[in-house]
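The values are calculated or read from the model by the stated rules, or taken from the named source; none is laboratory data. Here the structure is a predicted model, which means the values were calculated and not measured. Ideal geometry is used to build each Cβ from the backbone, glycine not excepted, and the neighbour counts take in all protein chains shown. Accessible surface is based on the protein model in full, side chains and every heavy atom, while ligands, DNA and RNA are left aside. Shrake-Rupley method; radii C 1.70, N 1.55, O 1.52, S 1.80 Å.
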Amino acid sequence: MKITGIFKQLLDVESGTSKKGKEWERQSFILDTGAQFNPEVCITAFGKDRELIQGIKEGTKVDCQINVYSTSYNGRWYNNLNIWQIDIVKDDEVESEEMPF
């Protein structure tokens, strides 16, 4: 699934150990989609995918390819947005999207 927005904030790295004893790391960021209601979404990069979001400056418009899935824990459901590709939107691409001809 593709989602476009403004890269708003890079959050701290989180790490831990799974039940099987495997070490993991993840880092999330906030993307402002510009939607009228609830415009901000939190997207997560796991493991090596963390490299994708390093060095992106706040305020940069990006296209994100994500996987969306849900998991349940103790009878409650949680949604997850995991990134697998991110591209910076160039200024000329923004203009072409905003100017319908």
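Points worth noting:
- Of the residues making up the range 1-34, those that are among the charged types (D, E, K, R), under 14 Å from the mean Cα position of the chain (by Cα) and either open to solvent by less than 70 Å² (accessible area, probe 1.4 Å) or closer than 16 Å to Glu51 by Cβ (or both) are Arg26, Asp32.
- Residues (more than 15 Å from Leu11 (Cβ to Cβ) and open to solvent by less than 50 Å² (accessible area, probe 1.4 Å)) located in the range 66-83: Ile66
- Some residue of the range 76-90 being modelled with pLDDT under 95 and out of contact with any strand residue (DSSP E or B) (no Cβ under 7 Å at 6 or more places or on another chain): yes
- Single residue of Glu40, Glu58 found to be open to solvent by 70 Å² or more (accessible area, probe 1.4 Å), within 18 Å of Ile6 (Cα to Cα) and free of Cβ contacts under 8 Å to residues at least 40 places away in the same chain: Glu40
- Condition broken by Gly55, with the remaining ones in (1) at pLDDT 95 or above; (2) over 23 Å from Gly16 (Cα atoms) satisfied: (1)
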